[in-house]
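Undergrad: My questions will all concern the structure given below.
The values are calculated or read from the model by the stated rules, or taken from the named source; none is laboratory data. Please read these numbers as outputs of a predicted model, since none were measured by experiment. All Cβ positions, even for glycine, are placed from backbone atoms using ideal geometry, and neighbour counts span all protein chains on display.
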Amino acid sequence: MKETNIKIIDNFLKKEDLEKLNSLALSSIKDNEIKVFHNSIDQNKNIKNSCISVEALEQLQKNYHDQAIDILKELNPKKLDLYDYSEFHIIVTGKNYKFPIHDDTPNKLLSGVIYLKPNKNTGTIFYSNKKGDDKQEIEWKINRAVFFSRSEKNTWHSYEGDGVSDRIALVYNLMTNKIKDVYKIEKKSFLFGQLRYKLNPVLYKYFKFTI
């Protein structure tokens, strides 16, 4: 994946939002496990939340939605009108856990991750193909945001713990329910695309939430 297709923003979250997210009481996990805490909000303020309060979700949407839309407009303007809702998932990755190389599910218009804690860990790793060639790691830095717009069999990436401590991040995605329109914009087959995920439902369960 070309570096020009990746948007990196340091100090993305306001100080109060960063502190609030880093103060969340999250359940512990084993060293080789991953835990996803699901939170989402749509344009009508319909909310599904687990670890982030309704008030905090509304504040996150208010503070960062316009900026995320601008990033999508820059990286993939053709998908701009497909937006339906936002995800603000908290993902805890065990220190020995390695997430496999993947290219994200088509309902993600804009994929984003903001590194929360600890001070040092492994950032997001991008590749030119599924085999893992041309490895490019975005350095981990607290409150650094990494965004890209997913493309079928193109935006290959992975992440993993550093073997020392759990990796905690906010995954901020702009989402759509208009999957057929996504494939039309990407000029790819909707049927073949959906078959990829149905053949491996276990991986699909995690791929649609992570970065």
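Undergrad: Scan region 1-24 for residues that are assigned to a loop (DSSP other than H, G, I, E, B) and either acidic (Asp, Glu) or at pLDDT below 95 (or both) and jot them down.
TA: Of the residues in region 1-24, the ones assigned to a loop (DSSP other than H, G, I, E, B) are 1-2, 6, 10-14, 23-24.
Passing the criteria: MET1, LYS2, ASP10.
Undergrad: Return yes when HIS38 is surrounded by fewer than 19 Cβ atoms within 10 Å (Cβ to Cβ), free of Cβ contacts under 8 Å to residues at least 40 places away in the same chain and under 12 Å from ASN173 (Cα atoms) and no when it is not. Give the derivation first.
TA: On the way: surrounded by fewer than 19 Cβ atoms within 10 Å (Cβ to Cβ): yes; free of Cβ contacts under 8 Å to residues at least 40 places away in the same chain: no; under 12 Å from ASN173 (Cα atoms): yes.
Taking the combined requirement at face value, the residue does not satisfy it.
Undergrad: Please go through region 11-70 and pick out each residue that is within 30 Å of GLY163 (Cβ to Cβ) and of a type in the set (Val, Ile, Thr).
TA: ILE29, ILE34, VAL36, ILE52
Undergrad: Then there's this: Could you name every one of the strands (runs of 3 or more DSSP E) located completely within region 99-196 that has at least 3 residues being touching a helix residue (DSSP H, G or I) at 6+ places or on another chain (Cβ under 8 Å) and buried (at least 19 other Cβ atoms within 10 Å of the Cβ)? Write out each step before concluding.
TA: Working: elements: 108-117, 145-148, 157-160, 167-175.
Per the criteria, 108-117, 167-175.
Undergrad: Identify, by number, the condition in (1) free of Cβ contacts under 8 Å to residues at least 60 places away in the same chain; (2) on the phi > 0 side of the Ramachandran plot that ASP104 doesn't meet.
TA: Just one mismatch for ASP104, condition (1).
Undergrad: Enumerate the pairs (first residue in region 44-61 and charged (D, E, K, R); second residue anywhere and surrounded by 13 or more Cβ atoms within 10 Å (Cβ to Cβ) and assigned to a helix (DSSP H, G or I)) with beta-carbon separation below 7 Å, excluding pairs fewer than 6 apart on the same chain, so at least 6 apart or on different chains.
TA: The qualifying pairs are LYS45/GLU58.
Undergrad: Hey, does region 59-79 have a residue that's surrounded by 19 or more Cβ atoms within 10 Å (Cβ to Cβ) and over 20 Å from ARG150 (Cβ atoms)?
TA: yes
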